[in-house]
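> The structure is given below, and queries will be raised subsequently.
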Amino acid sequence: MNAVEKEILTLEEELTQTEMQLDVKALDRIYANDIMVTAPIGLCVDKPAVMTEVRLAADKAKIERYDKDDLKVRAYGDTAVTSYRITTKAKFEETEINAQFCVTNVWMKREGHWQIVARHTANLEKPARVVAKSS
């Protein structure tokens, strides 16, 4: 693992903590102003939309579990790509949320600072269980 990949791993750990704590100011710094985010429903949104959701979550959500695993990182000069799985348990108002997501982040170093410039999140639903009918 090279130095850039090690640095990105550290940044991913910081990202995990800021997302778990719903730290609006920290996430505003981490997400680039021109970030493109593809949400689990397939909708591509910009930073103002992302930050609106972050603020709403910070006001109304309580995160009980936010576990990142299977983290992979690849560095390409001043760009790096990470991929991992998040398992989360949270409560949003009266709604319980138990979900797993696969996340891919694209980090770019600009003016000496790393930021996420693109993110794709896929919902990892449990596969359907097929039950054979007896004849």
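The values are calculated or read from the model by the stated rules, or taken from the named source; none is laboratory data. Since the model is a prediction, treat every value here as computed from it, not as a measurement. Every residue, glycine among them, receives a Cβ derived from its backbone with ideal geometry; neighbour counts consider all protein chains shown. Ligands, DNA and RNA are excluded from the accessible area calculation, which covers all protein heavy atoms including side chains. Shrake-Rupley method; radii C 1.70, N 1.55, O 1.52, S 1.80 Å.
Yes or no, residue by residue, for (1) in contact with a helix residue (DSSP H, G or I) (Cβ under 9 Å, 6 or more places away or on another chain); (2) farther than 13 Å from A118 by Cβ:
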residue: I35; (1), (2): yes, no
residue: V45; (1), (2): yes, no
residue: A49; (1), (2): no, yes
residue: I63; (1), (2): yes, yes
residue: D67; (1), (2): yes, yes
residue: V73; (1), (2): yes, yes
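> Turning to a different aspect of this structure: When both residues are 6+ apart or on different chains and their Cβ atoms are under 6 Å apart, which pairs have a first residue that lies in region 104-115 and is within 17 Å of V37 (Cα to Cα) and part of a strand (DSSP E or B), and a second that is of a type outside the set (A, V, I, L, M, F, W, C) and open to solvent by 60 Å² or more (accessible area, probe 1.4 Å)?
That search, which allows pairs on different chains as well, returns T104/H120.
> Within region 34-44, how many residues are at pLDDT 95 or above and open to solvent by less than 40 Å² (accessible area, probe 1.4 Å)?
3
> What pairs come out if I take residues in region 16-27 that are on the phi < 0 side of the Ramachandran plot and pair them with residues that are of a type in the set (S, T, N, Q) whose C-beta lies under 7 Å away, six or more apart or interchain?
Pairs that qualify, where the first residue is on the phi < 0 side of the Ramachandran plot and the partner is of a type in the set (S, T, N, Q), are A26/T18; L27/T18.
> For the condition more than 20 Å from P48 (Cα to Cα) and out of contact with any helix residue (DSSP H, G or I) (no Cβ under 8 Å at 6 or more places or on another chain), what is the one hit in T88, T82?
T88
> Please specify each residue of region 50-96 satisfying the condition of being surrounded by 12 or more Cβ atoms within 10 Å (Cβ to Cβ), over 15 Å from the mean Cα position of the chain (by Cα) and free of Cβ contacts under 8 Å to residues at least 24 places away in the same chain.
Result: L56, single match.
> I've got another one for you. Between E7, E12, which is more than 14 Å from the chain's Cα centre (by Cα), under 14 Å from Q115 (Cα atoms), modelled with pLDDT of 95 or more and surrounded by 15 or more Cβ atoms within 10 Å (Cβ to Cβ)?
E7
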